[in-house]
Amino acid sequence: MTDHLKADELTAMIRRVFEPRAEDTALAVLVDLPDDALPDNDDWARRRSIAAGWVRELAAARDDHGLDIDLVAYRNVRANNADLPATAWLCKPDGLPETADDLDPAAARPFGEILDGHRLVLAPTELSATAPLKMLSPRHGCRGATMPGFSPAMIPALRLDYTEVNRRVHLLKDLLDRATSADLRFIVDDAAPYDLHLDLRHRTAHASGGLLPQAGTAGNLPSGEAYIVPYEGEVPGDPTRTEGVLPVQLTDEVVLFEIDDNVARRVISDGPVSRREAALLKAEPARGNIAELGLGVLAAFGLEPIGEVLLDEKLGLHVAFGRSEHFGGQVGPAQFSTPEAVIHQDHVYVAKIQPRVSAAVVDLNFEDGESLELIRDGDYVCDF
């Protein structure tokens, strides 16, 4: 496996993902910088180095792709999917500051102005910028490929046949659009079953197939999932029907979240991790919102978990807690106590990630009373 994308591969990726048009004249590569509140780490530093290398490679290949390429840095926002800061900096790839404290305040530019001038955006950041870019892209007419936690181990996923990935993703999106609910059964330690019913009414599913040809859109890269926000009960007189128990293996412990009205209200397991999660829910109730039912497809292409959610969630079933408004739900930063408390936290049900918890059953239910067997024992059984 090579850990380097050459200029021709980067150019081909940009053409495939964005399908640039005449009005697309500039691409921004976004990086977030560490500070005293969130110190640097080796993976983060390497990611920034990779981003700077991409800028150098693409700038040297301008005659091939016709785009101006800029490296854009900003102070990290302390949490995944928190709103982006008001300002950012255009930086030289060979002169990227090591920390946010090294940025020159006099050189700061409004972030919105930068997005207005760069209709194409790559964001290989430490903290996910997916939620804010989904909200900002329609406003600024840009499209953004977000790559939180990107590492060289993800490069094989960038070389996939995304025409086929996109086809499978849209098939799953169509099924989620038709479904009014989903029934999930999880088995813990090959013994105890736990059931979760997700209300999918009043919602439109989304396809993230690694292609972003339309202005005003943003999504992950690498990608390969269809996803939907369960109904959160916002229609007057029509409460959500989501309820049940969601088991999540965190480290070696399985935490059992009791779900009522689409929110994890209680933790019914015991142990140090369970007690920690219960305290977090009590302090920040918005953390318990069931924000996403996701269906990844990349396991079928031979990819394995690498320990980064950007790729791992694209392998199969995942369920997320927290922020949902960037996917069409109701829970956003206003529902959290501080910007730093905002989360969108995915839990991926793949055996190598949660070996004690198996997604034994996922069925989709439709308005006509019919049901579809979608997943059995962690694998898709529907016809692709």
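The values are calculated or read from the model by the stated rules, or taken from the named source; none is laboratory data. None of these values were measured; they are calculated from a predicted model. Methodologically, a virtual Cβ is constructed for each residue, glycine included, from the backbone with ideal geometry; neighbour enumeration extends over all protein chains shown.
Say whether the condition of being charged (D, E, K, R) and touching a Gly at 6+ places or on another chain (Cβ under 7 Å) is met by at least one residue in region 323-336. Within region 323-336, one or more residues are charged (D, E, K, R) and touching a Gly at 6+ places or on another chain (Cβ under 7 Å).
The strands (runs of 3 or more DSSP E) falling completely within region 150-253 that include 1 or more residues that are without any contact (Cβ under 8 Å) to a residue 24 or more places away in the chain map to 192-199.
Being of a type in the set (A, V, I, L, M, F, W, C), out of contact with any strand residue (DSSP E or B) (no Cβ under 8 Å at 6 or more places or on another chain) and under 24 Å from W44 (Cα atoms), is that true of even one residue in region 311-328? For region 311-328, residues of a type in the set (A, V, I, L, M, F, W, C), out of contact with any strand residue (DSSP E or B) (no Cβ under 8 Å at 6 or more places or on another chain) and under 24 Å from W44 (Cα atoms): present. Taking the listed residues L317, L372, the one that is touching a helix residue (DSSP H, G or I) at 6+ places or on another chain (Cβ under 8 Å), at negative phi and assigned by TED's automatic domain parsing to the domain that holds L221 is L372, with no other qualifying. Against the list (1) in contact with a Leu (Cβ under 7 Å, 6 or more places away or on another chain); (2) farther than 26 Å from L5 by Cβ, the condition A108 fails is (1).
Output the residue which, of all residues in region 130-149 that are out of contact with any Pro (no Cβ under 7 Å at 6 or more places or on another chain) and not in a helix (DSSP H, G or I), is surrounded by the fewest Cβ atoms within 10 Å (Cβ to Cβ). Within region 130-149, the match that is surrounded by the fewest Cβ atoms within 10 Å (Cβ to Cβ) is G141. Given the criteria within 25 Å of S208 (Cβ to Cβ), β-branched (V, I, T) and at pLDDT below 95, does T146 qualify? When the stated conditions are applied, T146 does not pass them.
V255 meets the stated requirement of being touching a Gly at 6+ places or on another chain (Cβ under 9 Å) and buried (at least 20 other Cβ atoms within 10 Å of the Cβ).
If you check G237 against the conditions, is it buried (at least 18 other Cβ atoms within 10 Å of the Cβ), farther than 24 Å from D363 by Cβ, assigned by TED's automatic domain parsing to the domain that holds G329 and small (G, A, S)? Considered against the rule, which asks whether it is buried (at least 18 other Cβ atoms within 10 Å of the Cβ), farther than 24 Å from D363 by Cβ, assigned by TED's automatic domain parsing to the domain that holds G329 and small (G, A, S), G237 comes out as no.
Per-residue answers, yes or no, for (1) over 18 Å from W89 (Cα atoms); (2) surrounded by 13 or more Cβ atoms within 10 Å (Cβ to Cβ); (3) within 24 Å of the chain's Cα centre (by Cα):
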site	(1), (2), (3)
H4	yes, no, yes
I14	yes, yes, yes
F18	yes, yes, yes
V29	no, yes, yes
D36	yes, no, no
L58	yes, yes, no
A61	yes, yes, no
D64	yes, yes, no
V72	no, yes, yes
